[in-house]
Amino acid sequence: MNQAHEPLPLEFYNKPTIELAQSLLGCLLVKETEEGLASGYIVETEAYKGPGDRAAHSYGNRRTKRTEIMYHEAGVVYTYTMHTHTLINVVSGEADEPEAVLIRALEPHEGLALMEKRRIGKKPRDWTNGPGKLTKALSITMNDYGRTLTAPPLYIAKGYEPQDILSGPRIGIDNSGEAREYPWRFWIKGNRYVSR
DNA sequence: GTATGGATCATCT
DNA sequence: GATGATCCATACG
C-alpha cells in the first residue's frame, strides 16, 4: 500500500527561480487520483524568468488568460497545453513576477502499475523522461491549473539529495534569440530518466 | 545511434 | 489563420 507524504511548506518556493529550479531536483512530485497514488523524483528542470526571457510565455510582462497564474505568488501550478500534451510548471517569484520552473523529467517511484497502464506499449524508461510524458504518467491535466502544491491531490514532498547537478541550454526554444543560450536547464548527473 | 516530418488543439493575433 | 517550453513513427547508417 502507498503511504501519503508530507508536502513541502510554501516557504520552500520562496527563493530565486534559478535556485528553486536546482532545489527541486531530487524532490518527489506526487499526484493522487481515484485510481491511486503515483509519484516520481524530479530529475530535470528548466527555469523561465519572465520579462527579460524571450523564451518565456511571460516575456515582456505579457499577461493573458493563460499566463495569468504566473503572476501569482510562488508555489502554484501552471499547466500548459502543447500540441497533444500537457506540460507542468511550478510558479516562482513574488506576486507580479511572472517566473516559473518547468518540470522536464521524473524518475518513477510509486504507482508503477498505474504509470504502465497510462503509458501502454512504452518501455519503463519512456514513461516519464519528457515533460509531456510525465504528465500523462501522473495524470496531470489542465484541471490542475492554478492548484497549490502544498496539499493533495497534487503536491511536492521531500525526496533525496542529488549527488551532482549539471546545467546547460534549454531545449525546444530555438526561435528565441539569445535566450536559447542561457544555461537554465538543470538535471541530476547520470540519471537515466533525464530527457535526450 | 541520428534525422526528419506529421499529429493535433488550446491559445493568441 | 498561425503558432508552438512535444512526442512518436519511420527512414537511414
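Any read-out appearing in this document is the output of simple, stated calculations on the displayed coordinates, not a laboratory observation. All values reported here derive from a predicted model rather than from experimental measurement. Methodologically, a virtual Cβ is constructed for each residue, glycine included, from the backbone with ideal geometry; neighbour enumeration extends over all protein chains shown.
Dipole size of chain A about its Cα centre, with +1 on Lys/Arg Cβ and -1 on Asp/Glu Cβ: approximately 840 debye, rounded to the nearest 20. Stokes-Einstein diffusion of the range A:131-196 at 4 °C, 1.567 mPa s viscosity, Kirkwood radius from Cα pairs, rounded to a whole number: 88 µm²/s. Extent of the range A:10-188 along its three principal axes (Cα atoms, max minus min coordinate, largest first): 43, 33, 29 Å.
Projecting the Cα atoms of A:Gly168, A:Tyr155, A:Thr135 onto the charge dipole of the range A:10-188 (Cβ charges, centred on the Cα centre) puts A:Thr135 farthest toward the positive pole.
How about the range A:1-59: which GluC sites (Glu not before Pro) there are in a DSSP loop, with at most 14 other Cβ atoms within 10 Å of their Cβ?
Values: sites: A:Glu11, A:Glu19, A:Glu32, A:Glu34, A:Glu35, A:Glu44, A:Glu46; in loops: A:Glu34, A:Glu35.
Of the GluC sites (Glu not before Pro), the ones in loops of the range A:1-59 whose Cβ has at most 14 other Cβ atoms within 10 Å are A:Glu34, A:Glu35.
Ordering A:Ala56, A:Asn14, A:Leu24 by Cα displacement along the dipole of the range A:1-63 toward the positive end leaves A:Ala56 in first place; charges were set at the Cβ atoms of Lys, Arg (+1) and Asp, Glu (-1). Close amide H pairs (under 5 Å, H built 1.01 Å from N) link A:Ala105 with A:Val43, A:Glu44, residues at least 5 positions away or on another chain.
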